[in-house]
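Below is one structure, written out as structure tokens, with a few remarks after it.
The values are calculated or read from the model by the stated rules, or taken from the named source; none is laboratory data. Since the structure is predicted, the reported quantities are computational estimates derived from the model, not experimental observations. Don't worry about glycine lacking a Cβ; one is built from the backbone with ideal geometry, like all the others, and counts go over all protein chains shown.
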Amino acid sequence: KEAKLWGGRFEESVTDAVERFTESISYDKELYKHDIMGSKAHASMLAAQGLMSISDRDSIFKGLSEIERRIENGDFAWRTDREDVHMNIEAALTDLIGEPAKKLHTARSRNDQVLTDFRLWCRDAIDAILERINHLQVALVTLALKNKGLIVPGYTHLQRAQPVLLPHLLLAFVEQLERDAGRLSDCRVRLNFCPLGACALAGTGLPIDRFMTSNALKFTAPMRNSIDAVSDRDFALEFLSANSITAIHLSRLGEEWVLWASEEFGFITPNDSVSTGSSIMPQKKNPDPMELVRGKSARVVGDLVTVLTLCKGLPLAYNRDLQEDKEPVFDSVKTILGMLEVSAEFAQNITFNQERIQKALPAGHLDATTLADYLVKKGVPFRTSHDIVGKAVAICVGKNCQLQDLSLDEMTIINSAFEEDVYEFLGVENAVNKFCSYGSTGSDCVASQLDYWVTKLYIE
Ligand code: ARG
């Protein structure tokens, strides 16, 4: 067995079970690029500070580049007995270049190293997620543009409530995603501080320059407190929280589309390319991708809860428990990226069944509130007009007809405020057009919301 990098004081080697149990290389190899980046910045700083010769730095650079190349070509052997990504790369570097490699870990601990890697990794992951959020927003706005004038029932309590323009509904999701992106960007700002040089927990007596490494790695600044630097995982928690909220938004979008694709709603027909079938029922075509978007949100929330629970009650500073922080973050990122990608593809591959939606629109007296507002304009107090329209609806329910089917006589019997112009307020189309408050579903308001997003997202 090869001696461990930390093996100086040990007389016995660890058991196989302990080795298997404590390793993290099986998953933290994901950090290799950032680990190499961090090591190069560290070596440059050590050389600049006279803690390493220029030629040692150069051979470390060459060796690390070669290792990176091998990893990328798949001819790097990750070794469980070398425990984690940091020791795998450092030991491989020693195999490759010999003595100079032994200087690389000067004024560095795996505790600050892993956090440097992890923050860099999260920073890139956030950028990738932001891009996918943007794609989904574009897909939703494009779908809205394709169905500009389509009126659909708006629901509360999943009961028909008021007529709305479809773009208005779709843009509601675009707004949510915008806040999701905002949360991620905020998180990125807060996590972009450099732990490198905090060493094990206390810093070092060697003359390092933490500002230099921080700058080289494009961090805003080195973290002020070395104990905080190696203890803190709130950057990960914040990231996981932001992902969880995004996941919940996507889950709600998924639920909406699953409902809309049902025979009962029949609002949308997904293309075959985003549907799957049943192994027993030959007729089936299911919206599985969006069901799984809904389902996978559970993982993302679970990942957050895992790391919250992991950190609860941990003493300062580094504890090995913290090694368990990475898999949930990797999983959260992988999952959310997939959810965003598939949601965008789904949006690009559905058709709204305009005719069917139109046919079903009269049901549910969607224009009732508009009628109540009409009476308000005639001077009737709202509470009274609510009651009057309620009575009119009751008549319609009894006669199985729409509000617009009532004669003026029938209406004036309930209340004398009704006049001939009432018919301009009835029917879903009239009702939608009466909305004019800022942010409402009126066509002008929705058109300006659409304009806003088209400009903001640079949609042609
Ligand atoms: N693999 C470890 C982790 O992910 C790196 C830090 C280990 N530090 C230590 N002192 N054992 O947390």
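Quickly run through the range 73-87 and pick out the residues that are out of contact with any Phe, Trp or Tyr (no Cβ under 8 Å at 6 or more places or on another chain) and not in a loop (DSSP other than H, G, I, E, B).
Restricting attention to the range 73-87, the residues satisfying the condition of being out of contact with any Phe, Trp or Tyr (no Cβ under 8 Å at 6 or more places or on another chain) are 73-84, 86-87.
The answer is 73, 80, 81, 82, 86, 87.
One line per residue, one yes/no per condition, for (1) surrounded by 11 or more Cβ atoms within 10 Å (Cβ to Cβ); (2) among the polar types (S, T, N, Q); (3) touching a Cys at 6+ places or on another chain (Cβ under 8 Å):
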residue: 382; (1), (2), (3): yes, no, no
residue: 393; (1), (2), (3): yes, no, no
residue: 409; (1), (2), (3): no, no, no
residue: 412; (1), (2), (3): yes, yes, no
residue: 424; (1), (2), (3): yes, no, no
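Scan the range 393-407 residue by residue and report those that are touching a residue at least 24 places away in the same chain (Cβ under 8 Å), out of contact with any Phe, Trp or Tyr (no Cβ under 7 Å at 6 or more places or on another chain) and in a helix (DSSP H, G or I).
Going through the range 393-407, the residues touching a residue at least 24 places away in the same chain (Cβ under 8 Å) turn out to be 393, 396, 402-404.
Now drop any that are not out of contact with any Phe, Trp or Tyr (no Cβ under 7 Å at 6 or more places or on another chain), which leaves 393, 396, 402-403.
Hits for the range 393-407 are 393, 396, 403.
Quick check on the range 122-139. Is at least one of its residues crowded, with 22+ Cβ neighbours inside 10 Å, modelled with pLDDT of 95 or more and within 16 Å of the ligand (Cβ to nearest atom)?
yes
Can you go through 237, 217 and tell me which one is aliphatic (A, V, I, L, M) and either over 14 Å from the mean Cα position of the chain (by Cα) or under 16 Å from residue 337 (Cα atoms) (or both)? Full working, then the answer.
Working: 237 fails: either over 14 Å from the mean Cα position of the chain (by Cα) or under 16 Å from residue 337 (Cα atoms) (or both).
Result: 217 is the single residue among 237, 217 that is aliphatic (A, V, I, L, M) and either over 14 Å from the mean Cα position of the chain (by Cα) or under 16 Å from residue 337 (Cα atoms) (or both).
Any chance the range 230-252 includes a residue that's within 16 Å of the ligand (Cβ to nearest atom) and of a type in the set (Val, Ile, Thr)?
Looking for residues that are within 16 Å of the ligand (Cβ to nearest atom) and of a type in the set (Val, Ile, Thr), one finds at least one in the range 230-252, hence yes.
Take the residues in the range 1-19 that are touching a Ser or Thr at 6+ places or on another chain (Cβ under 9 Å) and away from the ligand (no atom under 14 Å from the Cβ), then tell me which one is nearest to residue 208 (Cα to Cα).
Ranking the candidates gives 3 first.
Looking at the structure I just gave you, is residue 177 modelled with pLDDT of 95 or more and outside any helix (DSSP H, G or I)?
On the way: modelled with pLDDT of 95 or more: yes; outside any helix (DSSP H, G or I): no.
Spelling it out, it is not the case that residue 177 is modelled with pLDDT of 95 or more and outside any helix (DSSP H, G or I).
Being assigned to a helix (DSSP H, G or I), aliphatic (A, V, I, L, M), touching a residue at least 60 places away in the same chain (Cβ under 8 Å) and in contact with a Lys or Arg (Cβ under 8 Å, 6 or more places away or on another chain): is that true of residue 227 here?
Numbers: assigned to a helix (DSSP H, G or I): yes; aliphatic (A, V, I, L, M): yes; touching a residue at least 60 places away in the same chain (Cβ under 8 Å): yes; in contact with a Lys or Arg (Cβ under 8 Å, 6 or more places away or on another chain): no.
Judged against the criteria, residue 227 is not a match.
Can you tell me which residue within the range 310-356, out of those that are buried (at least 17 other Cβ atoms within 10 Å of the Cβ) and small (Gly, Ala, Ser), is farthest from the chain's Cα centre (by Cα)?
The extreme case among them is 317.
Being part of a loop (DSSP other than H, G, I, E, B) and either of a type in the set (Val, Ile, Thr) or in contact with a Phe, Trp or Tyr (Cβ under 7 Å, 6 or more places away or on another chain) (or both) narrows it down to one residue among 441, 369; which is it? Give the steps one after another, and end with the answer.
Numbers: 369 fails: part of a loop (DSSP other than H, G, I, E, B).
Every option except 441 fails the conditions.
Residues to consider are 364, 439, 379; find the one that is on the phi > 0 side of the Ramachandran plot and touching a helix residue (DSSP H, G or I) at 6+ places or on another chain (Cβ under 7 Å). Please lay out each step first, then the result.
Details: 364 fails: touching a helix residue (DSSP H, G or I) at 6+ places or on another chain (Cβ under 7 Å); 379 fails: touching a helix residue (DSSP H, G or I) at 6+ places or on another chain (Cβ under 7 Å).
Just a single option satisfies the conditions, and that option is 439.
What residue, of 305, 333, is away from the ligand (no atom under 16 Å from the Cβ), in a helix (DSSP H, G or I), over 21 Å from residue 116 (Cβ atoms) and β-branched (Val, Ile, Thr)?
305
Could you list, ordered by first residue, the pairs with Cβ atoms under 6 Å in which the first is in the range 194-211 and of a type in the set (Asp, Glu) and the second is away from the ligand (no atom under 16 Å from the Cβ), at least 6 apart or interchain?
As it stands, the answer is 209/45; 209/49, since those pairs meet every condition given.
Of 221, 261, 236, which residue is in contact with a Phe, Trp or Tyr (Cβ under 8 Å, 6 or more places away or on another chain) and within 30 Å of residue 357 (Cα to Cα)? Steps first, answer last, please.
Numbers: 221 fails: within 30 Å of residue 357 (Cα to Cα); 236 fails: within 30 Å of residue 357 (Cα to Cα).
The unique qualifying residue is 261.
Does the range 230-242 hold any residues that are at pLDDT 95 or above and not in a helix (DSSP H, G or I), and which are they?
Restricting attention to the range 230-242, the residues satisfying the condition of being at pLDDT 95 or above are 230-231, 233-242.
Residue satisfying the conditions is 233 alone.
Quick one: is residue 120 within 30 Å of residue 319 (Cβ to Cβ) and either assigned to a helix (DSSP H, G or I) or in contact with a Gly (Cβ under 7 Å, 6 or more places away or on another chain) (or both)?
Details: within 30 Å of residue 319 (Cβ to Cβ): yes; either assigned to a helix (DSSP H, G or I) or in contact with a Gly (Cβ under 7 Å, 6 or more places away or on another chain) (or both): yes.
It is true that residue 120 is within 30 Å of residue 319 (Cβ to Cβ) and either assigned to a helix (DSSP H, G or I) or in contact with a Gly (Cβ under 7 Å, 6 or more places away or on another chain) (or both).
Residues in the range 146-160 that are among the polar types (S, T, N, Q) and exposed (fewer than 12 other Cβ atoms within 10 Å of the Cβ): how many? Spell out the reasoning first.
Going residue by residue through the range 146-160, those that are among the polar types (S, T, N, Q) are 147, 156, 159.
Next, only the ones that are exposed (fewer than 12 other Cβ atoms within 10 Å of the Cβ) stay: 156, 159.
Residues in the range 146-160 being among the polar types (S, T, N, Q) and exposed (fewer than 12 other Cβ atoms within 10 Å of the Cβ): 2 in total.
Would you say residue 161 is within 30 Å of residue 56 (Cβ to Cβ), among the small types (Gly, Ala, Ser) and either more than 16 Å from the ligand (Cβ to nearest atom) or modelled with pLDDT under 95 (or both)? Don't jump to the end; show me each part of the working.
Working: within 30 Å of residue 56 (Cβ to Cβ): no; among the small types (Gly, Ala, Ser): yes; either more than 16 Å from the ligand (Cβ to nearest atom) or modelled with pLDDT under 95 (or both): yes.
No; evaluated as a whole, the condition is false for this residue.
Okay, residues lined up against (1) out of contact with any Lys or Arg (no Cβ under 7 Å at 6 or more places or on another chain); (2) within 16 Å of the ligand (Cβ to nearest atom); (3) of a type outside the set (Ser, Thr, Tyr):
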| site | (1), (2), (3) |
| --- | --- |
| 309 | yes, no, no |
| 316 | yes, yes, yes |
| 326 | yes, yes, yes |
| 329 | yes, yes, yes |
| 343 | yes, no, no |
| 360 | yes, no, yes |
| 369 | yes, no, no |
